[in-house]
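Each remark here refers to the structure printed beneath this line.
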Amino acid sequence: MKLLPLTRAGYLRLAILILILLGLCGRFFLLPVWRYHAYRPQEGDIVFQSLPRASKLVRLIEGVTESPLSHCGVVVNRDGKWFVNEAIWDVHDTALLDWVRRGRGARFCVFRVKPDHRRHLPQFIAALQKYQGLRYDYDFELDDGKLYCSELVYKAFRDASGIELGRLMKLGELNWKPHADGLREYHGRDVPLDRVMITPRHLSEAEQLEKVYSAGL
């Protein structure tokens, strides 16, 4: 029984296979860990990522907003461990490293509340608790029955400070036309162009925030 190829071509194929496996290992295991350790979290940081584009909803969010920012959440510390409080399926905590791994190519960026507004951070973290367990809002409405990711951040900071982060947009003001068919799958035949929402992109543009870390975004 031959355990190793004996020909030159066989050794070359084996070497190529090993390089491919090492590359995949680096991309899916080592890169997220490296980016996780390069980031120095602070409670109240708002983190944004690109989710895998296998999801039709992710393609819609990124296409309509013309931005790679398809998801966001708030960094919180629970008994000395770092988590991201997020609305995805429902509102809950996800371990920060798992959150980084989930992103497309482990790409994420971090925005921090500017010094003039950091006095609101304790109330901001506390305000998140009101929304825990609520289901994800696929209709992207600004009611409190269900929540989407950027709505959670927007409402918790508004509850804590009275300040509205970012800019509310109507769906009709966004790049909706090329994605009309996809939008109809979620909203029915009539796309709700007057629906007001806070997108991850327009949340990240809030004047009260500053980018402090970028890993591929």
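The values are calculated or read from the model by the stated rules, or taken from the named source; none is laboratory data. As the structure is a prediction and not an experimental result, all values here were calculated from the model. Here the Cβ is made from the backbone with ideal geometry for all residues, glycine too, and neighbour counts use every protein chain on show.
For region 86-95, does any single residue satisfy the condition of being in the same structural domain as TRP176 (by TED's automatic domain parsing), surrounded by 19 or more Cβ atoms within 10 Å (Cβ to Cβ) and either β-branched (Val, Ile, Thr) or farther than 28 Å from GLU185 by Cβ (or both)? Among the residues of region 86-95, at least one is in the same structural domain as TRP176 (by TED's automatic domain parsing), surrounded by 19 or more Cβ atoms within 10 Å (Cβ to Cβ) and either β-branched (Val, Ile, Thr) or farther than 28 Å from GLU185 by Cβ (or both), which makes the answer yes.
Which residue is modelled with the lowest pLDDT, if the candidates are limited to region 105-119 and must be part of a helix (DSSP H, G or I) and crowded, with 19+ Cβ neighbours inside 10 Å? Step through it out loud before you land on a result.
Pass one, region 105-119, residues part of a helix (DSSP H, G or I): 105-106, 115-119.
Restricting the remaining residues to those that are crowded, with 19+ Cβ neighbours inside 10 Å gives 106, 117.
Numbers: ALA106: 94, HIS117: 97.
The extreme case among them is ALA106.
Within region 84-96, one or more residues are modelled with pLDDT under 95 and among the aromatic types (Phe, Trp, Tyr). Looking at PHE157, PHE140, just one residue is over 15 Å from ASP90 (Cα atoms) and aromatic (Phe, Trp, Tyr), and that residue is PHE157. TYR136 falls short of the stated requirement of being over 30 Å from VAL33 (Cβ atoms), in the same structural domain as VAL74 (by TED's automatic domain parsing), touching a residue at least 40 places away in the same chain (Cβ under 8 Å) and in contact with a Phe, Trp or Tyr (Cβ under 7 Å, 6 or more places away or on another chain).
Applying the set (1) in contact (Cβ under 8 Å) with a residue 24 or more places away in the chain; (2) out of contact with any helix residue (DSSP H, G or I) (no Cβ under 9 Å at 6 or more places or on another chain); (3) in a loop (DSSP other than H, G, I, E, B) to LEU142 leaves exactly one unmet item: (2).
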